[in-house]
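Student: One structure coming up, written as structure tokens, with questions to follow.
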Amino acid sequence: IYADVKKGPAIEVFALTQAFKDDSNPNKVNLSVGAYRTNEGQPWVLPVVRNTEKNIASDENINHEYLPVTGLDTFTSAATQLVLGADSIALKEKRAFGVQTISGTGALRVAAEFLYQQLKRNDVYYSNPTWENHHKIFADTGFTKLHSYRYWDQNKRQLDLKGMLADLDQAVPGSVIILHACAHNPTGSDPTQEQWKEIADLMERKKLFPLFDSAYQGFASGDPDRDAWAVRYFVDRGFELFVCQSFAKNFGLYCERAGNLTIVQKNGATRDAIHSQLTLIIRGSYSNPPAYGARIVSKVLNTPELRQEWMGCIQSMSSRIREMRQALRSKLVELGTPGTWDHIVNQIGMFSYTGLNEQQVRILIDKYHIYLLKTGRINMCGLNTGNIDYVAKAIHAAVTS
Ligand code: PLP
């Protein structure tokens, strides 16, 4: 029965992590994985998360009954408010709501299913480059017109706004446009507020549908309001849109799969119909979501003191990343490594698109045991005060070899 099943291609980021684990070299460095690491190179359970877990575990009133199909209400309302803002006009007018999903990936999948089945959308645009799962999620859902729009100017190592607008200008009305809400993965380069306005102008004129992928709110700058600026700007302009939220990075809840799909409508009268269709999509996919991560996020966001503590945690993660950006840039400049390295400090979030080419990446992996994606993307969290000199010298050697 199974004889004709062909082996599928490896997923690069997981293959690299395996290669890293198998490598016995004491100097090895993993810059590929998409997760936060402390200065000691360890995963970090946010203290506010750890304490909340303990409280939940000892709460005799909590049981393991199924959640409703669309999840825990206190979680979805807090998540929706986190991204839209407490003063959001869409919330005040009761024309926005959320459904719980299996982290950010699940939000994207449920969104894609709804757009395909209910709104009959078949054209989707994602940035070139983007998080590689965007293509797969929409293709697996059934979308057949998958397009990329220009995003990155490799020479200038910055956003190619002109190219992006030119490509979106070609999109047919109703096309779904995936936008990274903040901390673009993999480039770390976001549009400025002025550039977002130009993007919104074009999308309004061409009647394009914004689907914001928000995987790094608060984690990027340390300020959740600042990281939600683009989403809120589009909402204030009157767009109907989706936001796919992940709590993997900003709560460090990677494996707990806490996510939310926020739906913003022009008129709240469509809520019940949309909610019922999302319910059916989720029911047919996995019935109902897991409670553990959602309970933690809900408790923290809905308790002022805990929320304050969480703000401290995201600030400490984002500032460590910024310090590593400064340190790497300084060391490369100090070494006189050819090229400009300002983009490393101008980029935001977990990733930096270094501009290293495939051959240079190969040298870093094979000769220096430094693991990174072949596009030259590195996870800044993989750097720490113990390995940054080694990594900077290796990059210098790879660039000058
Ligand atoms: N979107 C982007 C751009 C991401 O980088 C990620 C994770 O790396 C996700 C979505 C979804 O992550 P998760 O499903 O773990 O929440």
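Only the coordinates and a few stated rules stand behind these numbers; no lab work does. Not measured: the values here are computed from a predicted model. Note that we place each Cβ from the backbone using ideal geometry, even for glycine, and neighbour counts take in every protein chain shown.
Student: Over all alpha-carbon pairs in the chain, figure out the percentage whose distance exceeds 27 Å.
Tutor: Values: 41363 of 80200 pairs.
Percent of Cα pairs beyond 27 Å in the chain: 52.
Student: Next question. Roughly how many nanometres apart are two label points built 7 Å out from the Cα toward the Cβ at Ser319 and Gln18?
Tutor: 4.0 nm
Student: Still on this structure: Tell me, in nm to one decimal, what length is gained between Asn288 and Tyr390 on full extension, where the rule is 0.36 nm per residue of separation less the Cα-Cα distance?
Tutor: 32.1 nm
Student: To the nearest 20 Debye, how big is the dipole of segment 73-302 about its Cα centre, given +1 on the beta carbon of each Lys and Arg and -1 on that of each Asp and Glu?
Tutor: Using Cβ point charges on Lys, Arg, Asp and Glu, segment 73-302 gives about 380 debye.
Student: Which value, in debye to the nearest 20, gives the size of the charge dipole of the chain about its Cα centre, when Lys and Arg are +1 and Asp and Glu are -1 at the Cβ? Spell out each step's value before the answer.
Tutor: On the way: 44 positive and 41 negative charges, 92 e Å.
That gives the chain a dipole magnitude of about 440 debye.
Student: At most 14 other C-beta atoms within 10 Å and a DSSP loop state: those are the exposed GluC sites (Glu not before Pro) I care about. Give me the longest piece of the chain that has none.
Tutor: Answer from the scan: 94-401.
Student: A follow-up question, please. Order by neighbour count: Ser24, Ser221, Ser127, fewest other Cβ atoms within 10 Å first, most last.
Tutor: Lowest count first: Ser24, Ser221, Ser127.
Student: Please arrange Val99, Val176 by how many other C-beta atoms lie within 10 Å of their C-beta, fewest to most. List each step's numbers first, then the result.
Tutor: On the way: Val99 27, Val176 24.
The fewest-first ordering by Cβ neighbours comes to Val176, Val99.
Student: Calculate the radius of gyration of the Cα atoms of segment 175-261 to one decimal place, then report Dmax, the largest Cα-Cα distance, as a whole number, both in Å.
Tutor: 12.9, 40
Student: Please give the net charge around Met164, taking every other residue with its beta carbon less than 11 angstrom from that of Met164, where Lys and Arg add +1 and Asp and Glu add -1.
Tutor: Net local charge, Met164 excluded: -3.
Student: Can you list the residues, at least 5 places off or on another chain, whose amide H is less than 5 Å from the amide H of Leu179, using H built in the peptide plane?
Tutor: Leu211, Phe212, Asp213
Student: Something else: Per residue of segment 138-154, in order, report the coupling 6.51 cos²θ - 1.76 cosθ + 1.60 (Karplus, θ = phi - 60°) as ³J(HN,Hα) in whole Hz, putting x for Gly and Pro.
Tutor: 6, 5, 5, 6, x, 4, 10, 10, 9, 10, 10, 10, 4, 9, 10, 9, 5
Student: Something else about it: Nearest-5 percent of antiparallel DSSP beta bridges in the chain? Could you put the intermediate results ahead of the total?
Tutor: Details: 18 of 37 bridges.
Percent antiparallel among DSSP bridges in the chain is about 50.
Student: When Lys and Arg each count +1 and Asp and Glu each count -1, what net charge do the other residues less than 10 Å away from Ile11, Cβ to Cβ, add up to?
Tutor: Once positives and negatives cancel, what remains is -1.
Student: Further, regarding this structure: List Ser276, Ser214, Ser318 from most exposed to least, where exposure is judged by having the fewest other Cβ atoms within 10 Å.
Tutor: Ser276, Ser318, Ser214
Student: Please report the spacing between the Cα centers of segment 129-188 and segment 309-388 in Å, no decimals.
Tutor: 23 Å
Student: Kindly write out, for segment 370-380 in residue order, the coupling ³J(HN,Hα) from the Karplus curve 6.51 cos²θ - 1.76 cosθ + 1.60 (θ = phi - 60°), rounded to whole Hz, with x marking Gly and Pro.
Tutor: For segment 370-380, the Karplus curve yields 9, 9, 8, 5, 5, 6, x, 6, 10, 8, 4 Hz.
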